Each structure stands twice: as structure tokens, then as C-alpha cells.
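Have a look at the structure below, then the notes.
Bear in mind these aren't lab numbers, they're just calculated from the coordinates by the rules spelled out. On a predicted model such as this, the values are computed, not experimentally measured, just so you know. Positions of Cβ are backbone-derived with ideal geometry, glycine not excepted, and every protein chain shown enters the neighbour counts.
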Amino acid sequence: MIVLNFSNFRKNLASVFDTIEADFERAFISRPNGKTMVVLSLEDFESMQETAYLNSTKANIAHLEASIAQAKSGKIRSFNTDDFKLSTLAKNED
């Protein structure tokens, strides 16, 4: 986690961005008005949005928990992604 005041953030903008991108860090920037801003990569932001969406309903949470329990108990299936793509295409042609 990177914590900087606004002046140091502005002086080191390029290196802060490089660190955020390379290390999946977040930067907390304290502004002169006392409010704090957060800077993060688009990839981190999209990941957070996806997690929020997946946990947005009780039904989704229950489905995810059931899937995790199945995986932990060894009830998993392996498949080749090419086979999956072909079966998906075949279903769409019907």
C-alpha cells in the first residue's frame, strides 16, 4: 500500500503509476482539504467490480458457495477449452 500526500504524489506521478501497475498496489493520496483519494489500476478496479457483482445477490452467493464446496470435496470435472468452445457452438446452431 502506498500512502502519499498530494505534493509527493504529483512529484512522483510516473513512478507511482509504474508501481501501481507492476505490483498491483493501490495508492492513497491525502489532499490538502483532508480528503483521501485512491488510485488503482483498471485491472484492479474491474476485478473489484466483478467481485461486487458476483456477491450482489443471495442466489449468486449460494451458487458460488456450493461450487466451492463441490471443488473442495473433489467433485470436479476437467475439460479441454477447445472441446468446450465446440460444444457451445454446436448448442448455438440448434
Over segment 3-27, the set of residues farther than 18 Å from Ser47 by Cβ and assigned to a strand (DSSP E or B) is Val3, Leu4, Asn5
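Please enumerate the residues belonging to segment 35-53 that are assigned to a helix (DSSP H, G or I), within 18 Å of Met1 (Cβ to Cβ) and of a type outside the set (D, E, K, R). Walk me through it before giving the result.
First pass over segment 35-53, keeping only residues assigned to a helix (DSSP H, G or I): 42-53.
Keeping just the survivors that are within 18 Å of Met1 (Cβ to Cβ) gives 43-45, 47-48.
Passing the criteria: Phe45, Ser47, Met48.
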Here the residues within segment 14-30 that are charged (D, E, K, R) and either surrounded by 13 or more Cβ atoms within 10 Å (Cβ to Cβ) or touching a Phe, Trp or Tyr at 6+ places or on another chain (Cβ under 8 Å) (or both) are Glu21, Glu25, Arg26
